[in-house]
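A.B. asks: Pasting a structure below so you can have a look.
The values are calculated or read from the model by the stated rules, or taken from the named source; none is laboratory data. Since the structure is predicted, the reported quantities are computational estimates derived from the model, not experimental observations. Please note: Cβ atoms are built from the backbone with ideal geometry, for glycine as well, and neighbour counts cover all protein chains shown. Areas reflect the complete protein model, heavy atoms only, side chains present, ligands, DNA and RNA absent. Shrake-Rupley method; radii C 1.70, N 1.55, O 1.52, S 1.80 Å.
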Amino acid sequence: MTTGVRRRMGVEERRQQLIGVALDLFSQRSPDDVSIDEIAAAAGISRPLVYHYFPGKLSLYEAALKRASEDLAGRFVEPQEGPLGARLLRVMRRYFDFVDEHGPGFSALMRGGPAVGSTATNALIDSVRQAAYVQILSHLRVENPPARLELVIRSWISLAESTALIWLDGRRIPRAELEVQLVHDFAALAAVSAAHDDEMGTLLRHMLKEEPADGPFSDLVARLISLAS
């Protein structure tokens, strides 16, 4: 008969385990409501041992946030194949998958968690926004974006964030509808900009030219036409 022996973890392995445990707890409740004692218990170690690897909850929260931000940034990566509307819809579905899985932590970060306002936290949030911006530019096949296009993309990224936060507060609108609406929002922002700028007009026509009849951009055009009739 053999007896189970708890394997001793290396320093980095233990750090990664604690980050994973903390991220899981922060995903269920606001980080302000999660104690070091809970993190230690969930990891199966003592409270002093947690402090051996992280000087405090803030540093552990920032480490968990870093892993989460890398995950969230990865949700914007999409093969550059097929119409843009369908690609953006897949991105929004993955984005809301993340929001759904990490609701309290996502909300605490954007509205006021324990590390909000710190240099490290702000840098991580900015890195996600920049990763999303770069990905959208790549899908549009634009290397040197004009000022109006940058405004459209960055405004849309901010809109996705605020929409996700509002959705988390009661989830009163079906998630799938919001995912489609955000894709429509991108097209609408581009259309308004195109009305003021010839370069944006050319880009918008290219976007719509590749859109199939059953795509989200075509759906928006049909909805707008029906409203005007």
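A.B. asks: Please give the charge dipole size of the range 147-229, origin at the Cα centre, charges +1 on K and R Cβ atoms and -1 on D and E Cβ atoms. Round to the nearest 20 debye.
C.D. replies: 200 debye
A.B. asks: Could you run the Karplus curve 6.51 cos²θ - 1.76 cosθ + 1.60 with θ = phi - 60° over the range 45-51 and give me ³J(HN,Hα) per residue in whole Hz, x for Gly and Pro?
C.D. replies: 3J(HN,Hα) across the range 45-51, in whole Hz: 10, 7, 4, x, 5, 4, 5.
A.B. asks: For the range 96-229, rounded, prolate or oblate, judged on the Cα gyration tensor with a ≥ b ≥ c (square roots of eigenvalues), a/c < 1.5 rounded, else prolate if a/b > b/c?
C.D. replies: It is oblate, given that a/c is not under 1.5 and a/b is not larger than b/c.
A.B. asks: Give me the extension gain from Leu49 to Thr119: residue separation times 0.36 nm, minus the current Cα-Cα distance, reported in nm with one decimal.
C.D. replies: 22.5 nm
A.B. asks: Using a 1.4 Å probe over the heavy atoms of the protein chains, calculate the carbon and sulfur portion of the accessible area of the chain as a whole percent.
C.D. replies: Whole-percent figure for carbon plus sulfur exposure: 55.
A.B. asks: Accessible area per residue for the chain in Å², computed with a 1.4 Å probe and the full protein assembly in place, what is it?
C.D. replies: Normalised by residue count, the accessible surface of the chain is 54 Å².
A.B. asks: Beta carbons within 10 angstrom, averaged per residue: use that to sort the peptides 182-190, 148-156, highest first.
C.D. replies: Packing proxy ranking, top to bottom: 182-190, 148-156.
A.B. asks: Right, here's the next one. Which whole-Hz ³J(HN,Hα) couplings does the range 29-34 yield from phi under the Karplus relation 6.51 cos²θ - 1.76 cosθ + 1.60, θ = phi - 60°, glycine and proline marked x?
C.D. replies: 9, 4, x, 4, 8, 9
A.B. asks: For the chain, with equal point scatterers placed on the C-alpha atoms only and solvent neglected, what are the log10 I(q)/I(0) values from the Debye formula at q = 0.08, 0.11, 0.12, 0.14 1/Å, to two decimals?
C.D. replies: Log10 of I(q)/I(0), two decimals: -0.39, -0.65, -0.74, -0.91.
A.B. asks: Express the relative contact order of the chain as a whole percentage, based on alpha carbon pairs under 8 Å and six or more residues apart in sequence.
C.D. replies: 21 percent
A.B. asks: Which whole-Hz couplings ³J(HN,Hα) result when phi for each residue of the range 157-163 is put into the Karplus expression 6.51 cos²θ - 1.76 cosθ + 1.60, θ = phi - 60°, listed in order with x for Gly and Pro?
C.D. replies: 4, 5, 5, 4, 4, 5, 4
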